[in-house]
């Protein structure tokens with residue numbers, strides 16, 4: 001059973017527009033503990049992406065001294081906006097794609113997060129941290145789901161899970177062993193099933 005991106009993505013996505021001031025965008029990244037945000041136009045159409053790397057690339061942000069150029073500017077100088085630093089070329093995935101599509105894209109492009117599209121609009125974000133969270137709790141989730149499935153057949157069967165490999169102890173006859181194998185194998189994330 002495959003996992004779709006929609007099953008794991010963060011939704012709704014935290015987005016900004018091209019006109020969002022850089023300071024506001026930095027505040028959102030910090031407040032939400034995220035590394036990138038889609039830049040959207042009217043109707044949620046993706047225009048680009050802005051990442052923490054884009055926003056902190058300006059050394060003047062880290063300098064407490066007032067630069068000489070700032071003294072010469074007039075009051076009409078507009079504040080810096082997301083449009084000034086955002087990336088226009090964006091790797092995206094579709095909400096109905098398999099999770100493997102996002103994983104392959106993240107590792108091949110070295111991006112930490114990807115906008116998720118649905119019907120051409122931004123519907124969420126998928127990040128490496130989402131995948132880490134899934135993997136960290138995977139064995140506990142699998143154990144609980146397999147136990148629930150097997151409880152109807154025999155509540156005293158023991159279930160152990162390690163790195164996605166399910167070990168079921170207790171089934172005695174071949175029919176019970178086959179049933180335990182088939183039921184445990186239907187749980188999302190199971191890599192292999194061993195019957196003892």
What number of residues in the range 3-51 are assigned to a helix (DSSP H, G or I), closer than 15 Å to residue 128 by Cα and in contact with a helix residue (DSSP H, G or I) (Cβ under 8 Å, 6 or more places away or on another chain)?
2
Is the range 173-187 home to any residue that is within 22 Å of residue 97 (Cα to Cα) and in contact (Cβ under 8 Å) with a residue 40 or more places away in the chain?
yes
When residues of the range 90-107 are limited to those that are in a helix (DSSP H, G or I) and in contact (Cβ under 8 Å) with a residue 40 or more places away in the chain, the one farthest from residue 46 (Cα to Cα)
100
Hey, residue 122 in the same structural domain as residue 50 (by TED's automatic domain parsing), modelled with pLDDT of 90 or more and either touching a helix residue (DSSP H, G or I) at 6+ places or on another chain (Cβ under 7 Å) or surrounded by 15 or more Cβ atoms within 10 Å (Cβ to Cβ) (or both) or not:
yes
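Residue check: is residue 184 within 30 Å of residue 106 (Cβ to Cβ), touching a strand residue (DSSP E or B) at 6+ places or on another chain (Cβ under 8 Å) and not in a loop (DSSP other than H, G, I, E, B)?
Details: within 30 Å of residue 106 (Cβ to Cβ): yes; touching a strand residue (DSSP E or B) at 6+ places or on another chain (Cβ under 8 Å): yes; not in a loop (DSSP other than H, G, I, E, B): yes.
Spelling it out, residue 184 is indeed within 30 Å of residue 106 (Cβ to Cβ), touching a strand residue (DSSP E or B) at 6+ places or on another chain (Cβ under 8 Å) and not in a loop (DSSP other than H, G, I, E, B).
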Among the residues of the range 133-147, how many are more than 30 Å from residue 113 (Cβ to Cβ) and either in contact with a helix residue (DSSP H, G or I) (Cβ under 8 Å, 6 or more places away or on another chain) or surrounded by fewer than 12 Cβ atoms within 10 Å (Cβ to Cβ) (or both)?
1
Of the residues that sit in the range 16-36 and are under 18 Å from residue 126 (Cα atoms), over 12 Å from the mean Cα position of the chain (by Cα) and crowded, with 19+ Cβ neighbours inside 10 Å, which one is modelled with the lowest pLDDT?
29
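The values are calculated or read from the model by the stated rules, or taken from the named source; none is laboratory data. Predicted, not measured: the structure shown is a model, and the values here were computed from it. When we count neighbours, we look across all protein chains shown, and the Cβ atoms used for this are built from the backbone with ideal geometry, even at glycine.
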